[in-house]
1. Name the residue, out of 287, 12, 46, whose mean-square fluctuation peaks in a Gaussian network model built on the chain with Cα pairs under 10 Å.
2. What share of the DSSP beta bridges in the chain is antiparallel, in percent to the nearest 5?
3. Modelling each spin label as a point 7 Å along the Cα-to-Cβ direction, I'd like the residue 4/residue 392 distance in nm, to one decimal.
4. Counting other C-beta atoms within 10 Å, and keeping those with at most 16, which DSSP coil chymotrypsin sites (Phe, Trp or Tyr not before Pro) do you find in the range 27-106?
5. Report Rg(Cα)/(2.2 N^0.38 Å) for the chain, keeping two decimals.
6. Loop-only check: which trypsin sites (Lys or Arg not before Pro) in the range 189-249 are DSSP coil with at most 16 other Cβ within 10 angstrom?
7. Just check the range 339-448 against the gyration tensor rule for me: Cα atoms, a ≥ b ≥ c as the square roots of the eigenvalues, rounded for a/c under 1.5, and otherwise prolate or oblate depending on whether a/b exceeds b/c.
8. How much accessible surface area, in Å² rounded to 10, belongs to the heavy atoms of residue 207 with a 1.4 Å probe?
Amino acid sequence: MINKNDIVEVEIIDIGINGEGIGKKDGFTVFVNGATIGDIVNAKVIKSKKKFAIAIVDSFVKESEYRVEYKCKHAKLCGGCQIQHLEYNKQLEIKQKKVKDAINRIAEIEDFEMEDIIGMDNPWNYRNKMIFPIRKQNDEVKIGMYRSRSHDVIDIEECLIQKKENMDIVNAVKDYINNFNISVYDEETNEGLMRALYIREGFKTKEKMVCIVINGDEISNVQILVKKLLFIDKSIKGIVLNINKEEGNKILGDKIIKLHGEKYITEYIENVKYEISPLSFFQVNPIQTEKLYAKALEYANAKDKVVWDAYCGTGSISLFLAKEAEKVYGVEIVPAAIKDAKANALLNRINNVEFFVGKAEDIITEERKSDVIVVDPPRKGCDEKLLETMLKIEPSTIVYVSCDPATLARDLKILKEKYNLDKCVAVDMFPHSMHVETVVKMNKIIKK
Ligand SMILES: C[S@@+](CC[C@H](N)C(=O)[O-])C[C@H]1O[C@@H](n2cnc3c(N)ncnc32)[C@H](O)[C@@H]1O
């Protein structure tokens, strides 16, 4: 039995979803915050349940050979990079294993080809989008990142997974708030104006969008801020306000007001051009997105075929598939995303695509036959009704793009009734975090 306040020696043999170390002791699973794979620690138990305990590191018996120095000065406090203290190659190995284990354990599939994980050559400065919450703590304006497992904001002087120049924008906004005494949003009272700063950039086009999220309709002296931002960063293509007066954690509201330039930026994934508005979903790591979409295209083998792209967002995968397919149908629940998808098809003069607004599980019916179905659902995975319809349509190939190995494996277990898992590859879209993206190819089982 392990009790609260016990100090137990544990060898860390795995890592949990938030980057915490996992070890075993007397039949208990012990989750140790601050420990990583390969460490042996004396862990102080802070919570004890029937089968598991939660602990913090009291002292190190032996430090892991995979530990590296934190490169970012805020990494220990910030909730963003959970495993920055692990060698990058070890991070990749852990992610690869996480995907394989989920498929073996949850889907109960053993026999498939697992390709090597696709990592980054340079796993830094990769994000094209950052959202910085703005808060006032101890009478001081903070623009930065949430502290790990909390809603406290820590001021940041650097963030090594995004572009360095963003810090000049952060500092300019902070100076403006202080100089003009602009009120700052308070989550508890839902009062105060400045809620968040959101920056998005096209890596290939170098176009930048600055979006200031406010709990109101306007802010005073804003043109002074606009002038300052345009002076310090020549790549800014547009500056907008986003109006969010809702209580709660939702970051963006629905209304955008233009302060300067355009309401969108453009970006290329390979030779496909996308116009991205502040409210549209777009993958945050453009370098890895090219590799991810190339895999989806390779696995779909869509030449001259009819393809469904379910959960298509702004149609980014659909337009990629349309380069080879005879016809691509995309379906997405958010109307604004489909508006962007249609505009992007026109922009690229792609006319063998058709987009539908609605739930994938309602729009894709048994009668809407296709040779290939590509799905890229949110973390919760595919709706069961859609999986059942897919089993009735019986496309020759299903390509599943997933951001959560557990729900992916759950869905594969259903699809394996009629499909063999052929190939699978993990793609590291978020170095230094525990997140991993996976692309899977399933082939219809041919009965003899
Ligand atoms: C992971 S994103 C994929 C977007 C796109 N494939 C891409 O790579 O940019 C998942 C998308 O599914 C959409 N979505 C969520 N539930 C849905 C549903 N039931 N039917 C259709 N789309 C849905 C979300 O709005 C989101 O755009």
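1. Fluctuation is largest for 46.
2. Values: 68 of 102 bridges.
Here the share of antiparallel DSSP bridges comes out near 65 percent.
3. Distance between the two pseudo-spin positions: 5.3 nm.
4. On the way: sites: 28, 31, 52, 60, 66, 70, 88; in loops: 66, 70.
Here the sparse-neighbourhood loop sites are 70.
5. Values: Rg = 23.6 Å, N = 448, 2.2 N^0.38 = 22.4 Å.
Normalised Rg, Cα atoms only: 1.06.
6. On the way: sites: 195, 200, 204, 206, 208, 227, 228, 234, 237, 245; in loops: 204, 206, 234, 245.
The qualifying sites are 204, 206, 234, 245.
7. Details: a/c = 1.69, a/b = 1.07, b/c = 1.58.
Oblate shape, in that a/c is at least 1.5 and b/c is the bigger or equal ratio.
8. The value for residue 207 is about 40 Å².
The values are calculated or read from the model by the stated rules, or taken from the named source; none is laboratory data. These numbers were taken from a predicted model, which means no experiment stands behind them. In this analysis, Cβ positions are derived from the backbone assuming ideal geometry, glycine residues included, and neighbour counts consider all displayed protein chains. In case anyone asks, the SASA skips ligands and DNA or RNA and just uses the protein heavy atoms, side chains included. Shrake-Rupley method; radii C 1.70, N 1.55, O 1.52, S 1.80 Å.
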